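A.B. asks: There's a structure below that I have some questions on.
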Amino acid sequence: MEIKEIRNEFPQLSRTVYGKPLVYLDNAATALKPRSVMACYEHLAAEVSSNIHRSVHRVSNEATAEFENARKRVAEFLNAPSERNIVFTSGTTDSINLIASSYGQAFIGRGDEIVISEQEHHSDIVPWQMLAERTGAVIKVWKLEDDLRLGPSSLEKLLGPKTKIVCVSHASNVLGIVTPIKEICALCHRHNIPVCVDGAQGIVHCKVDVQDLDCDFYSFSGHKIYAATGTGVMYAKAKWLEQMPPYRGGGEMIADVTWERTTYADYPFKFEAGTPNITSVPTLVPAIEMLEQMRSLEESSAAVASYVLDALQSDKRITLYGDSSSEKLPIFSFAVKGAHQEDLALVLDKMGVALRSGEMCAAPLMHRLRVTGLLRASFAPYNTIEEARYFVECLGKAIEMLTI
Amino acid sequence: MNTLEEAKQAVIDDFSLYDEWLDKYEYLIELGKGLEPFDQADKTDDKLIKGCQSRLWLKCEKKDGRLYFTADSDAIITKGIISLLIGVYSGRTPEEIAGDDFSFIVTIGLKDNLSPTRANGLASMIETIKCFAQDER
């Protein structure tokens, strides 16, 4: 499909703000939704409203089939060994809370060490801090190198007999640099340490094969890959899913309940207490289809990314964090000399350009960069070179308005 | 000195001169740039206003029964907004300020066109000015 046809599938791309065409460059926060996803949601709400896995009636069977089909599709998408490796959650944050809580309960105790990279989003920091507080475990920070890359040799120095898990994002939501996950997994596994990957940004742009990466956990959110909000995935290796205790109690996740003793269902169901997001989870199927279709726009995406990178790097007033000397996602975070990021975002908003300003849920990384916040433009394959040019032109105007 | 009502009406009039929000923001930016200098020594934590994504310091002094406000921020639009409030409320009596409903901010539509964090910041600015006035009554 051509980019024009793809754009037609995303109705929000044709809306206006303040009478100007919306240029949506906040895709790393949430992606726009294609018609196929909306149609899927509407179909489920209008025709297949029924709880799953329980009732014997026809509509319930259809709802179960839709839900379980999504599990199969996600397993295939990640090249997971089985759909049983896929646990549905409400998003990346929920997935990591599950891992921290459940893996933590089984394997992490007083004095044990949790290694977390310095580039992590709060979602991959706070659940581990809460676990550390409960158990007396210790957090070790895997610092970025001077070039803002994660160095495997720095990681190796932190690993020891007490290290119980290494937590790292596939790509930082600020820097956009792709982490060498495969290499890190191999390194950690030599020390018998599992690796928990926050894939919220990586899943959007990288082809993920969890068996090739050999990661122990991989989490992502549906809404960043064009699916309905409130959907998420936690992939884990079977050996962990077998050993991890349930995280929340309730319906769905049990085998048998008596007042004396309750036994639990097998995984993945033991981690899916209560009615899951039955209307939204199946939207992952058309969303993944759209994502895979948009891989045909690779050439256009690369042109957009290199144009933006060049424009930002050649402007002396701008400091870009996370350059392109290794694989980089189309996520551009930068500071402008003499202009506050929020002022820039507010002015650009009035020109129709939607982007993110602030700490971007990565305060420790902001401290490391010695900034109070940054401005971030993040692109999706449906963004055109014309939009990129308009953004650069507006950014120039906004800087002039604010600094002269 | 004009009355409080006149000062508010002047702001409403100024804002209505511009149809485009971009122009209204350009006006705020100009106001921000023109904000009176603030003593660096006054940039203390007790003068920081909570709820702003950018930092904003607001100082209140009482002279001859009237309140005088000065402020500074690291963001220019925040400076513009506080400048607008200072323009209306600085030099008034505590009674005048405490008795006002600050509804001209709603009239100019500013609150609806700010990001939620900035809107919270604006609410905090107003709250702080009101508190100063109530304390000094």
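The values are calculated or read from the model by the stated rules, or taken from the named source; none is laboratory data. What you see is a predicted model, and the numbers here were worked out from it, not measured in a lab. Cβ sites come from the backbone with ideal geometry, for glycine too, and all protein chains shown count toward neighbours. Keep in mind that these areas ignore ligands, DNA and RNA; they rest on the heavy atoms of the full protein, side chains included. Shrake-Rupley method; radii C 1.70, N 1.55, O 1.52, S 1.80 Å.
A.B. asks: Helix-only mean residue ellipticity at 222 nm, chain A, DSSP H runs n ≥ 4 weighted -39,500 (n - 2.57), per residue, nearest 500. What is it?
C.D. replies: -12000 deg cm²/dmol
A.B. asks: Which of the trypsin sites (Lys or Arg not before Pro) across segment A:324-360 are loop residues per DSSP, with 12 or fewer other Cβ within 10 Å?
C.D. replies: Loop-located and lightly packed - A:Lys337.
A.B. asks: Chains A and B: what accessible area do they bury, summed, in square angstrom to the nearest 100, with a 1.4 Å probe?
C.D. replies: So the buried area, both faces added, is about 1500 Å².
A.B. asks: Under the rule a/c < 1.5 gives rounded, and otherwise a/b versus b/c splits prolate from oblate, where does the protein assembly as shown land using the Cα gyration tensor?
C.D. replies: prolate
A.B. asks: Give me the dipole magnitude in Debye, nearest 20, for the protein assembly as shown about the Cα centre, with unit charges on the beta carbon: positive for Lys and Arg, negative for Asp and Glu.
C.D. replies: That gives the protein assembly as shown a dipole magnitude of about 1040 debye.
A.B. asks: Scan chain A and hand back the longest stretch that contains none of the chymotrypsin sites (Phe, Trp or Tyr not before Pro) lying in DSSP loops with at most 14 other Cβ atoms within 10 Å.
C.D. replies: A:19-258
A.B. asks: How big is the charge dipole of segment A:78-149 about its Cα centre, in debye rounded to the nearest 20, if each Lys and Arg gets +1 on its Cβ and each Asp and Glu gets -1 on its Cβ?
C.D. replies: In debye, rounded to 20, segment A:78-149 gives about 300.
A.B. asks: Counting other C-beta atoms within 10 Å, and keeping those with at most 15, which DSSP coil GluC sites (Glu not before Pro) do you find in segment A:185-282?
C.D. replies: Sparse-neighbourhood loop GluC sites (Glu not before Pro): A:Glu260.
A.B. asks: Under a crude label model (7 Å from the Cα following the beta-carbon direction), how far is B:Met1 from A:Ala302 in nanometres?
C.D. replies: Modelled inter-label distance: 6.7 nm.
A.B. asks: Tell me the label-point distance for the pair A:Asp256, A:Glu393, using the 7 Å Cα-to-Cβ offset, in nm and rounded to one decimal.
C.D. replies: It works out to 7.2 nm between the two label points.
A.B. asks: Tell me the per residue accessible area of chain A using a 1.4 Å probe; a whole number in Å² is fine.
C.D. replies: 41
A.B. asks: Further question: Compute the signed sum of charges (Lys and Arg +1, Asp and Glu -1) over the other residues within less than 13 Å, Cβ to Cβ, of A:Pro282.
C.D. replies: -3
A.B. asks: While we're on this one: Go through B:Ile77, B:Val11, B:Leu48 and say which Cα lies farthest out towards the positive end of the charge dipole of segment B:4-136; charges sit on Cβ, +1 for Lys and Arg, -1 for Asp and Glu.
C.D. replies: Farthest towards the positive pole: B:Leu48.
A.B. asks: I would also like to ask the following. Taking segment A:1-87, which GluC sites (Glu not before Pro) meet the DSSP loop condition and have no more than 13 other C-beta atoms within 10 Å?
C.D. replies: When the GluC sites (Glu not before Pro) of segment A:1-87 are filtered for loop state and at most 13 Cβ neighbours within 10 Å, A:Glu2 remain.
A.B. asks: Counting only protein heavy atoms and a 1.4 Å probe, tell me what percentage of segment B:4-136's accessible area is made up of carbon and sulfur.
C.D. replies: Ligands and nucleic acids excluded, carbon and sulfur reach 46 percent.
A.B. asks: Next up: Would you work out which of A:His205, A:Ser280, A:Val178 lies farthest towards the positive end of the dipole of segment A:176-317, given +1 charges on the beta-carbon of Lys and Arg and -1 on that of Asp and Glu, about the Cα centre?
C.D. replies: Positive-end residue among those listed: A:Val178.
A.B. asks: Same structure, new question: With label points built 7 Å along Cα→Cβ from the Cα atoms of A:Ser326 and A:Arg190, find their separation and express it in nm.
C.D. replies: In this crude spin-label approximation the distance works out to 1.6 nm.
A.B. asks: To the nearest 20 debye, what charge dipole does segment B:4-136 have about its Cα centre, counting +1 at the Cβ of each Lys and Arg and -1 at the Cβ of each Asp and Glu?
C.D. replies: So the magnitude is around 420 debye.
A.B. asks: Something else now. Suppose R0 equals 41 Å. What FRET efficiency, 1/(1 + (r/R0)^6) with r the Cβ-Cβ distance, do A:His367 and A:Ala106 give to the nearest 0.05?
C.D. replies: It comes to 0.80.
A.B. asks: Right, here's the next one. Among A:Tyr18, A:Asn85, A:Ala28, whose Cα sits farthest toward the positive end of the charge dipole of segment A:5-109 (+1 at Cβ of Lys/Arg, -1 at Cβ of Asp/Glu, about the Cα centre)?
C.D. replies: So the residue we want is A:Tyr18.
A.B. asks: Set the Förster radius R0 to 56 Å, insert the Cβ-Cβ distance between A:His57 and A:Lys4 as r into 1/(1 + (r/R0)^6), and round the FRET efficiency to 0.05.
C.D. replies: 0.80
A.B. asks: By its C-alpha gyration tensor, with a ≥ b ≥ c as the square roots of the eigenvalues, how is segment B:4-136 shaped: rounded for a/c under 1.5, else prolate for a/b larger than b/c, else oblate?
C.D. replies: oblate
A.B. asks: Efficiency by 1/(1 + (r/R0)^6): what FRET value for A:His43 and A:Glu292, r their Cβ-Cβ distance, R0 = 30 Å, to the nearest 0.05?
C.D. replies: 0.90
A.B. asks: At 1.4 Å probe size, put A:Cys40, A:Cys394 in order of accessible surface, largest to smallest.
C.D. replies: Sorted descending by solvent-accessible area, the residues read A:Cys40, A:Cys394.
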